[in-house]
Amino acid sequence: MTATTLTDWAYPLAESLLAEPLPRRWAHSQGVAERARIIAPMLGGDANLLEAAAVLHDIGYSPDVADTGFHPLDGARYLRDTAKANPRIVRLVAHHSCAWMEAEARGLREDLESEFPRDLPDLDDALCFCDMNTTPDGTPTNPVDRINEIASRYGADSMIGTFIRRAEPEILACTARVLERVATFKR
């Protein structure tokens, strides 16, 4: 699959898995992809790859895909095993938004990292930036408000609430790194 066709392939796949059963998740995924298009100029040849991963990043929530209950792992396995996706997209979905920290809390970190090596740091940062700058409804936000929204939605003492607070410094660092790259690109 060529880079120019990645998004043509990714959008219908994500829509087929999310739009009907999880319309709000589909709206969020489209918003994350929109954020990817905004930072695309600094990504060069990886712009379409990031946008494809952005629209696909939450397919692990789909009832047709969910298996372990850990959506980054379920989505990545589906993309690898069923969709035969580009391995870089698979790894980005597997590791989006500090997934390794949640995997650790779920006892799945070894599975995640042995199946899907984390080796795309700049693109991991970019996908985290896009995800954490998008509300559940797909509109723009900022990472502080997004983290607060996640903690509030799941409950501060829940596993997700605890994970997102633990991940907060790294999420903010990802955002800072991406914004620095954007600034450097614009200079």
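The values are calculated or read from the model by the stated rules, or taken from the named source; none is laboratory data. Computed from a predicted structure; not experimentally measured. All Cβ positions, even for glycine, are placed from backbone atoms using ideal geometry, and neighbour counts span all protein chains on display. With ligands, DNA and RNA removed, areas are computed over all heavy atoms of the protein, side chains included. Shrake-Rupley method; radii C 1.70, N 1.55, O 1.52, S 1.80 Å.
Can Thr139 be described as in contact with a helix residue (DSSP H, G or I) (Cβ under 7 Å, 6 or more places away or on another chain) and either at negative phi or open to solvent by 50 Å² or more (accessible area, probe 1.4 Å) (or both)? Outline the logic, then answer.
Values: in contact with a helix residue (DSSP H, G or I) (Cβ under 7 Å, 6 or more places away or on another chain): yes; either at negative phi or open to solvent by 50 Å² or more (accessible area, probe 1.4 Å) (or both): yes.
Answer is yes for this residue.
Among the listed residues Thr175, Thr162, which satisfies the condition of being touching a helix residue (DSSP H, G or I) at 6+ places or on another chain (Cβ under 8 Å) and over 21 Å from Asp46 (Cα atoms)? Going through Thr175, Thr162 in turn, the sole match is Thr162. Screening region 155-165 for residues that are under 18 Å from the mean Cα position of the chain (by Cα) and surrounded by 15 or more Cβ atoms within 10 Å (Cβ to Cβ) and picking the one that is nearest to Glu104 (Cα to Cα) gives Phe163. Cβ-Cβ distances below 8 Å connect the following pairs, each with a first residue in region 131-152 that is of a type outside the set (Asp, Glu), a second residue that is open to solvent by 70 Å² or more (accessible area, probe 1.4 Å) and in a strand (DSSP E or B), and a separation of six or more residues or different chains: Asn133/Pro140; Thr134/Pro140. Count of region 139-187 residues, restricted to those that are closer than 20 Å to Phe70 by Cβ and polar (S, T, N, Q), is 2. Which residues, taken from region 82-115, are under 14 Å from the mean Cα position of the chain (by Cα), more than 22 Å from Arg166 (Cα to Cα) and not charged (D, E, K, R)? Ile89, Val90 - these are the residues of region 82-115 that are under 14 Å from the mean Cα position of the chain (by Cα), more than 22 Å from Arg166 (Cα to Cα) and not charged (D, E, K, R).
Counting the residues of region 28-77 that are surrounded by fewer than 18 Cβ atoms within 10 Å (Cβ to Cβ), more than 19 Å from Asp8 (Cβ to Cβ) and in contact (Cβ under 8 Å) with a residue 40 or more places away in the chain gives 5.
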